[in-house]
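Working notes for the structure below.
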Amino acid sequence: MKRTALITGGSRGIGFGIAKALAKEGFNLAINGVRDEAGAEDALNELRQLGAEVVYCQGNIAVSADREAIVEKAYDVFGHINILVNNAGIAPRERLDILETTEENYQEVLKTNLEGPFFLTQAIAKKMAHTKQNNHAYEAAIIFVTSISATVASINRGEYCVSKAGLAMTNLLFAVRMAEYNIPVYEIRPGIISTDMTSKVQEKYDNLFQSGIALQPRWGTPEDVGKAVASLTRGDLPYSTGQVINVDGGMLIDRL
């Protein structure tokens with residue numbers, strides 16, 4: 001029986017890079033996104049052409065009822081989920097200094113980037129644990145896609161940094177909790193990745209790469225992140241639950 005992965009935000013950007021990598025690994029895919037299915041159809045068809053059976057689970061992970069619908073549809077179609085990839089996230093609507101940002105900005109980002117993944121993971125982790133107790137051959141893993149912003153402070157998007165720092169702790173919490181069931185949990189921490197989200201600040205980061213911000217002087221790609229996730233889903237790091245995998249071109253290496 002083919003394994004199944006649920007990827008939030010899986011029809012564009014980093015999530016789509018992950019989805020393509022897992023399709024090539026032989027997974028069937030439950031792809032979540034906020035767009036209607038017609039808007040994601042090109043991406044879904046591309047994944048199907050890679051050999052995956054694909055179902056689209058529309059919904060906003062920040063909304064409790066949507067999370068329930070996402071989980072229900074994925075399990076109704078496939079019957080099981082082996083890999084949960086918590087990838088969906090948003091930037092603040094406005095990049096405002098932390099002395100100026102609003103409660104609305106903060107709450108919107110935290111509900112999507114932290115509260116949503118926490119409770120989606122809670123719901124699926126319970127099902128994974130139940131399945132594992134009844135079938136010891138069942139293999140599963142949970143992956144959180146965070147950001148270098150979990151530790152790198154950006155004062156003009158503080159709410160985003162806070163959300164990713166919280167998600168990094170969520171990785172540790174679920175790693176501890178799911179160890180009882182031998183279900184590993186990991187964090188992928190991307191650096192500067194070329195996506196719709198970063199396209200608005202392309203010139204800024206182009207200049208930073210020229211100035212040597214990363215050891216590997218190029219933008220990261222969704223495919224770079226996808227390869228890291230694929231490695232985890234193959235079980236290449238079976239004794240490393242809770243660990244952080246940086247996909248940042250060496251950006252965070254301290255240098256003199």
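What follows draws every value from the coordinates through simple rules; no lab data is involved. All values reported here derive from a predicted model rather than from experimental measurement. Here the Cβ is made from the backbone with ideal geometry for all residues, glycine too, and neighbour counts use every protein chain on show.
What FRET efficiency, computed as 1/(1 + (r/R0)^6) with R0 = 35 Å and r the Cβ-Cβ distance, is obtained for Ile98 and Arg177, rounded to the nearest 0.05?
0.65
For the range 4-246, what log10 I(q)/I(0) values come out of the Debye formula at q = 0.11, 0.13, 0.14, 0.16 1/Å, with one point per alpha carbon and no solvent?
Ignoring solvent entirely, the Cα scatterers give -0.55, -0.77, -0.90, -1.18.
Quick one: Kirkwood hydrodynamic radius for the range 112-222, alpha-carbon pairs, angstrom, one decimal?
Working: mean 1/r = 0.0631 Å⁻¹.
Taking the inverse mean of 1/r over all distinct Cα pairs, the range 112-222 comes out at 15.9 Å.
According to the Cα gyration tensor, what semi-axes, each the square root of 5 times an eigenvalue, does the equivalent ellipsoid of the range 1-91 have, listed from largest to smallest in whole Å?
Values: eigenvalues 64, 45, 26 Å².
Rounded to whole Å, the semi-axes are 18, 15, 12.
Hey, got a sec? Which chymotrypsin sites (Phe, Trp or Tyr not before Pro) in the range 171-247 land in a DSSP loop and have at most 10 other Cβ atoms within 10 Å? Spell out each step's value before the answer.
Details: sites: Phe174, Tyr181, Tyr186, Tyr205, Phe209, Trp219, Tyr239; in loops: Trp219, Tyr239.
Loop-located and lightly packed - Tyr239.
I'd like the per residue volume of the convex hull spanned by the Cα atoms of the range 176-220, given in cubic angstrom.
Given the Cα convex hull of the range 176-220, per-residue volume reads 108 Å³.
Check Gly59: other-chain or 5+ apart residues with amide H under 5 Å from its amide H, H built from backbone geometry?
Answer set, sorted by chain and number: Gly33, Val34.
Roughly how many debye, to the nearest 20, is the charge dipole of the chain about its Cα centre, given +1 on each Lys and Arg Cβ, -1 on each Asp and Glu Cβ, and no other charges? The partial results should precede the final answer.
Details: 25 positive and 30 negative charges, 136 e Å.
Magnitude of the dipole: close to 660 debye.
Can you tell me how much longer the chain between Val244 and Arg35 gets when fully stretched, taken as 0.36 nm per residue apart minus their C-alpha distance, in nm with one decimal? It would help to have the intermediate numbers written out before the result.
Working: separation 209, 0.36 × 209 = 75.24 nm, distance 2.99 nm.
My answer for the length gained is 72.2 nm.
List, in the order given, every pair from Lys20/Lys227; Lys24/Lys126; Lys164/Lys204 whose Cα-Cα distance in the structure shown is over 18 Å. Don't skip to the end; give the middle numbers.
Numbers: Lys20/Lys227 9 Å; Lys24/Lys126 28 Å; Lys164/Lys204 22 Å.
Table pairs above 18 Å Cα-Cα are Lys24/Lys126; Lys164/Lys204.
Once each part is reduced to its C-alpha centroid, what is the distance from the range 1-71 to the range 132-209 in angstrom?
18 Å
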